[in-house]
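This report concerns only the one structure given below.
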Amino acid sequence: MFKRAKRADLKPALTAKWVSWPASKFRGQAAVEFALVLSVAMIVLFVAIQLALIGEAALALGQMNYQGARFAAVETCATGSEVASYMYYIGSPTVTTPSSCGAALTIKISDSTTNYSATTFTGATSACGASTQPSYTTGCAVSAARTFGTQVTVNVSFNVTQGHILFLGQSFLGVSFQSLQTLSSTEAAMAE
């Protein structure tokens, strides 16, 4: 009468029915999950990019500051404005912002030998957009030269909001960038 079905004959039929059942029942679930995960992933991505840009500006300030202090220590006759011009020239476009030519940048130079004690330079200089290194004083009066061992301190600060680095604004979905408005770096070197 009835033939007994072998288990091997039943397996493909049951497997096909079992595999197709969830696909018809949960149609669209993957799209909803993807949309939820994508929105969170995009927020994390934008915040990470914003913090990377701020970090790059901080590194650029440190390098610019180091180069300026080193220039002031080696070129003992260079004036404060010449040191500032050199710093604008070698500075990264991130902090010297070619469109505003360093309007967000403030350089303070302290030197105990010359009259440049806490002299502040803000905004554009003649080095702005220069394709060659700015000139500096090669010969100076002995009294104006920095003596061996004299400390030169250079402080650079950068206003992040004026520098147009914050593409997300002052805050983004509860993440505030208010504490990162001003980046600064200080470097000291001894005159050689």
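The values are calculated or read from the model by the stated rules, or taken from the named source; none is laboratory data. Keep in mind it's a predicted model, so treat the numbers as computed, not measured. Cβ sites come from the backbone with ideal geometry, for glycine too, and all protein chains shown count toward neighbours.
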Say we look at segment 72-112 and pick out the residues that are in a loop (DSSP other than H, G, I, E, B) and among the hydroxyl-bearing types (Ser, Thr, Tyr); which of these is surrounded by the fewest Cβ atoms within 10 Å (Cβ to Cβ)? Ser99
Kindly list the number of the only condition in (1) hydrophobic (A, V, I, L, M, F, W, C); (2) surrounded by fewer than 18 Cβ atoms within 10 Å (Cβ to Cβ); (3) touching a helix residue (DSSP H, G or I) at 6+ places or on another chain (Cβ under 9 Å) that fails for Ala69. (2)
Residue match in segment 63-80 (condition: hydroxyl-bearing (Ser, Thr, Tyr), modelled with pLDDT of 80 or more and in contact with an Asp or Glu (Cβ under 9 Å, 6 or more places away or on another chain)): yes
For segment 154-177, indicate whether the set of residues that are modelled with pLDDT of 70 or more, more than 17 Å from the chain's Cα centre (by Cα), closer than 19 Å to Thr76 by Cα and exposed (fewer than 15 other Cβ atoms within 10 Å of the Cβ) is non-empty. no
Looking only at segment 33-48, filter to residues that are among the aliphatic types (A, V, I, L, M) and in contact (Cβ under 8 Å) with a residue 24 or more places away in the chain; which one of those is nearest to Glu192 (Cα to Cα)? Val47
Would you say Thr15 is in contact with a Gly (Cβ under 8 Å, 6 or more places away or on another chain) and at pLDDT below 85? no
Single match in Gly68, Gly55 (criterion: within 30 Å of Thr132 (Cα to Cα), in contact (Cβ under 8 Å) with a residue 24 or more places away in the chain, part of a helix (DSSP H, G or I) and not aliphatic (A, V, I, L, M)): Gly68
Taking Gly139 as the residue in question, decide whether it is at pLDDT below 80 and farther than 20 Å from Asn65 by Cβ. yes
